[in-house]
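Structure first, then comments.
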Amino acid sequence: MDTLNGETPTIRLFALLELIAAKDRLVTLQDLVDETGMPKPTLHRMLQQLEGAGLLVRQSDGRHYGTGARLRRLAENLLLNATHHGARHAVLRHLVEEIGESCNVTALSGNEVVYLDRVETPEPLRFYLRPGSRVPAHCSASGKMILSQMSPGQRAKLLSHAPLRQYTPHTVTEPGPLEEEFARVRRDGFAVDDEEFLPGLVCVAVLVPSPAGRSNQCVAVQAPVMRLTADKALHLLPALQRAAEAIARVEHEGGQE
């Protein structure tokens, strides 16, 4: 049984947020009572406070709670502006010097991928996507990479809020073919966006290893198809994987400061 430790009511609210954010599913008041052993009226009052602050959101059934937009923005800002950003950026810069194409660190936020960091290639022909930019998860290499770790049910919940948009003739939007792609990505350990989001853009992504097992960050390379085909991109995997491992070490060291 988890207890919500904290010397003040504010810290106990934070502990409740931590408990809910660590789950990959929605929770009910009764779930939290069973897990913490705390009185139902106390937990109900805490949930109301967090919902009122925009940190949690109650679903349409009135029973289930999930993380709110304000909490997700907080998580994104922490990733974007972490004190170890400089070390992470140095890893990306070295990767771009090694392979010669634009590279980025990304994370999943809702059903979109957000760019946490990016270093551009010196080549004159390139696609500009700044840190903070968002791209759809279902047709981006990083999105497919992160989604491949989830169960089919979890992916369906994440992607079913609106019809998946067909960005190019190569965009896959049907559930069956998408699930086949997720299975391949999970098996091979990398994902490819072969002109699925933008015409002429090829991208390959690998996960940043996480001690927790499931990762929410990727390292990816992007380039025009005239310089980087899906087949050629496979030769860049060792460099991407080395950079991902280096960024994992940066994240670990930053968390210990």
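Results, tabulated for the structure shown:
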{"read-out": "Residues located in segment 216-233, provided they are open to solvent by 60 Å² or more (accessible area, probe 1.4 Å), over 22 Å from the mean Cα position of the chain (by Cα) and either of a type in the set (A, V, I, L, M) or within 15 Å of I146 (Cβ to Cβ) (or both)", "value": "M226"}
{"read-out": "Complete set of residues in segment 81-117 that are open to solvent by 20 Å² or more (accessible area, probe 1.4 Å) and without any contact (Cβ under 8 Å) to a residue 40 or more places away in the chain", "value": "N81, H85, G86, H89, A90, R93, E97, G100, E112"}
{"read-out": "Residue list for segment 231-244, filter: at pLDDT below 90 and within 18 Å of N104 (Cβ to Cβ)", "value": "A233"}
{"read-out": "Number of the condition not met by M145 [criteria: (1) open to solvent by 50 Å² or more (accessible area, probe 1.4 Å); (2) within 17 Å of F197 (Cβ to Cβ)]", "value": "(1)"}
{"read-out": "Search result, residues across segment 26-68 that are under 27 Å from R155 (Cβ atoms), without any contact (Cβ under 8 Å) to a residue 24 or more places away in the chain and basic (K, R)", "value": "R58"}
{"read-out": "Residues satisfying the stated conditions in segment 155-182, i.e. touching a residue at least 24 places away in the same chain (Cβ under 8 Å) and either under 15 Å from L108 (Cβ atoms) or assigned to a helix (DSSP H, G or I) (or both)", "value": "R155, L158, L159, H161, L178, E179, E181, F182"}
{"read-out": "When residues of segment 148-170 are limited to those that are open to solvent by 50 Å² or more (accessible area, probe 1.4 Å) and of a type in the set (D, E, K, R), the one farthest from A220 (Cα to Cα)", "value": "K157"}
{"read-out": "Single unsatisfied condition, E180 versus (1) under 27 Å from A22 (Cβ atoms); (2) open to solvent by 20 Å² or more (accessible area, probe 1.4 Å)", "value": "(1)"}
{"read-out": "Any hit, segment 203-215, residues being touching a residue at least 12 places away in the same chain (Cβ under 8 Å), open to solvent by 20 Å² or more (accessible area, probe 1.4 Å) and under 20 Å from Y128 (Cα atoms)", "value": "no"}
{"read-out": "Residues satisfying the stated conditions in segment 86-122, i.e. of a type outside the set (D, E, K, R) and assigned to a helix (DSSP H, G or I)", "value": "G86, A87, H89, A90, V91, L92, H94, L95, V96, I99"}
{"read-out": "Residue ID - modelled with the highest pLDDT, chosen from residues in segment 54-68 that are open to solvent by less than 50 Å² (accessible area, probe 1.4 Å) and among the hydrophobic types (A, V, I, L, M, F, W, C)", "value": "L56"}
{"read-out": "Residue in segment 118-142 that is surrounded by the fewest Cβ atoms within 10 Å (Cβ to Cβ), counting only those that are touching a residue at least 60 places away in the same chain (Cβ under 8 Å) and more than 14 Å from the chain's Cα centre (by Cα)", "value": "L125"}
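The values are calculated or read from the model by the stated rules, or taken from the named source; none is laboratory data. Bear in mind that the values here come from a model prediction, so they are computed numbers and not experimental data. All Cβ positions, even for glycine, are placed from backbone atoms using ideal geometry, and neighbour counts span all protein chains on display. The accessibility values were calculated without ligands, DNA or RNA, using every heavy atom of the protein model including side chains. Shrake-Rupley method; radii C 1.70, N 1.55, O 1.52, S 1.80 Å.
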